[in-house]
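Engineer: First the structure, which I've put down as structure tokens, then a few questions once you've had a look.
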Amino acid sequence: MLRTARQNAHITDRRRDIAVEVKIGVQHAPREIVLESGQSAEEVERVVADALAGKSPLLSLEDERGRKVVVPADRLAYVEIGAPTARKVGFGTL
């Protein structure tokens, strides 16, 4: 079944409305890296587990704006994965 552009936009907009906050602590770095990922918490956890297991030498995550964060797996101190939250829109978010 073919979808129209409007149906595709609705599906992708729904996915963009849900963000997972990821905090990455790096050894010998005074600040943590914080990003909001469009991936699910399970996907982020799988990528982190692969990096820690040695399947990948780098932890690579992409934020909602398409920017990539790459950290050497052997320098990870901790990774905190937040619960998925829906984005609030409008003046009521103040």
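The values are calculated or read from the model by the stated rules, or taken from the named source; none is laboratory data. Predicted, not measured: the structure shown is a model, and the values here were computed from it. Remember, those area values only see protein heavy atoms, side chains included, never the ligands or the DNA or RNA. Shrake-Rupley method; radii C 1.70, N 1.55, O 1.52, S 1.80 Å.
Engineer: Could you look at segment 18-86 and say what percent of its accessible area is carbon and sulfur, using a 1.4 Å probe and all protein chains?
Structural biologist: 51
Engineer: Would you kindly derive the ³J(HN,Hα) couplings of segment 55-67 from the backbone phi angles with the Karplus curve 6.51 cos²θ - 1.76 cosθ + 1.60 (θ = phi - 60°), listing them in order in whole Hz, with x for Gly and Pro?
Structural biologist: Here the 3J(HN,Hα) series is 6, 9, x, 10, 9, 10, 10, 10, 7, 5, 8, x, 7 Hz.
Engineer: State the extension gain, in nm to one decimal, for the chain segment bounded by Glu21 and Arg75, taking 0.36 nm per residue of separation less the distance between their alpha-carbons.
Structural biologist: My answer for the length gained is 17.4 nm.
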